[in-house]
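Everything below concerns the one structure shown next.
The values are calculated or read from the model by the stated rules, or taken from the named source; none is laboratory data. What you see is a predicted model; the values in this text were computed from it and never measured. Cβ: placed from backbone, ideal geometry, glycine included. Neighbour counts: every protein chain shown.
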Amino acid sequence: MQALFSLIPVLILVHFCFLVQCQPYVDVVNTQFIQYMAADYRDETGAQLTCFQTTSELFAPIALRNKNFLLAGFASNHVHLKSDYLPTERDKKLTLRSFTLRIGGIKQWNSQWSTSVVMIPRISSDLRKWEKNDYQLGGAILVTKQQEENLWLKVGLYYNREHFGNYFMPLVGVDWRTSDRLNIFGVLPSSMKVEYQLADQIYTGLAWRNVTTSYRLQGGDYVREGDPSWGHIRLSAFLSWYALEDIVINLDAGHSVSRRYRLHSKQHDLLPNHEFNRDSKNGIFISLGLAYRLRRE
């Protein structure tokens, strides 16, 4: 009996994969380490900016009647920056952290149409001192239509109360199983993947990731990540190896575009004299990840 109860979450997730059928897999647990290579500053002072990032995610959909679902998830993100230009060892380092909840649901209206609504409360700061202004509140709505047997189209809107103000992002997505081996899926401008199955246990492809976010610092100033117009973009090639049936090792290598970490005052003025505001050149990154992944057959 205990073994049966232990299988219930897995069965729920398998149910989710087959009924929703929007992307080719669901990551129940996912952790990732990203290393950005040292990048020179654009003003050629000889100093460099280095960065590494760690992320972890949990996701747990719960099946209800009539193909409806409750959604719950948690994510953590840690960005570790180091600037060789700054004079003291303490000044050289800056760590930015966020902890995010995702609570929502999927309403299946009929065989073609569904709507996903998610609330996204978050803490985003350096967490040197816990303060109420570290909190952000956001959400997203996404409408999905099954256009053909293996094609789903999506449109929606994302909102978050960032430390720099209200941030709205229109969403347009696709999930397209073009053949038994090739999948194209994601929601732009946030993320998109082209995935190809090389062998029974190996997948490869190209990935796009775009980030716009902000982190509050002790005292009220904040760091904004990404260019104000188009965010922080990561373009990469990836390789996913199913080392066990549902355990996946992910390797990405690519190039960043418009990677910025700019410091603003709590009055939203850019602080130009802070060294983290000096633009660095874009550069190469590598990523290693581990996931517990359930695929749609």
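If you go through segment 213-222 one residue at a time, do you hit one that is more than 25 Å from THR95 (Cα to Cα) and crowded, with 16+ Cβ neighbours inside 10 Å? No; the residues of segment 213-222 include none that is more than 25 Å from THR95 (Cα to Cα) and crowded, with 16+ Cβ neighbours inside 10 Å.
A count restricted to segment 235-251 and to residues that are part of a strand (DSSP E or B) and within 11 Å of LEU290 (Cα to Cα) stands at 8. Checking each residue in segment 83-122 for being at pLDDT below 90 and either under 26 Å from the mean Cα position of the chain (by Cα) or surrounded by 14 or more Cβ atoms within 10 Å (Cβ to Cβ) (or both) picks out SER83, ASP84, TYR85, LEU86, LYS92, LYS93, LEU94. Only a single item in (1) more than 22 Å from SER76 (Cα to Cα); (2) exposed (fewer than 15 other Cβ atoms within 10 Å of the Cβ); (3) among the polar types (S, T, N, Q) is not met by ASN133, and it is number (1).
When we screen TYR196, TYR242, TYR159 for residues that are touching a Ser or Thr at 6+ places or on another chain (Cβ under 9 Å), among the aromatic types (Phe, Trp, Tyr) and free of Cβ contacts under 8 Å to residues at least 60 places away in the same chain, the only hit is TYR196. Residue count for segment 132-182 satisfying the condition of being more than 19 Å from the chain's Cα centre (by Cα), more than 30 Å from LYS266 (Cα to Cα) and either part of a strand (DSSP E or B) or not small (Gly, Ala, Ser) (or both): 17. The lone criterion from (1) in a strand (DSSP E or B); (2) at negative phi left unmet by GLY205 is number (2). Residue-level check: of (1) modelled with pLDDT of 85 or more; (2) assigned to a helix (DSSP H, G or I), VAL14 misses just (1). If I filter segment 278-286 for residues that are in a strand (DSSP E or B), buried (at least 16 other Cβ atoms within 10 Å of the Cβ) and at pLDDT below 90, do I get at least one hit? Yes, segment 278-286 contains a residue that is in a strand (DSSP E or B), buried (at least 16 other Cβ atoms within 10 Å of the Cβ) and at pLDDT below 90.
Tell me yes or no: at least one residue of segment 212-227 is free of Cβ contacts under 8 Å to residues at least 24 places away in the same chain and either polar (S, T, N, Q) or on the phi < 0 side of the Ramachandran plot (or both). There is no residue in segment 212-227 that is free of Cβ contacts under 8 Å to residues at least 24 places away in the same chain and either polar (S, T, N, Q) or on the phi < 0 side of the Ramachandran plot (or both).
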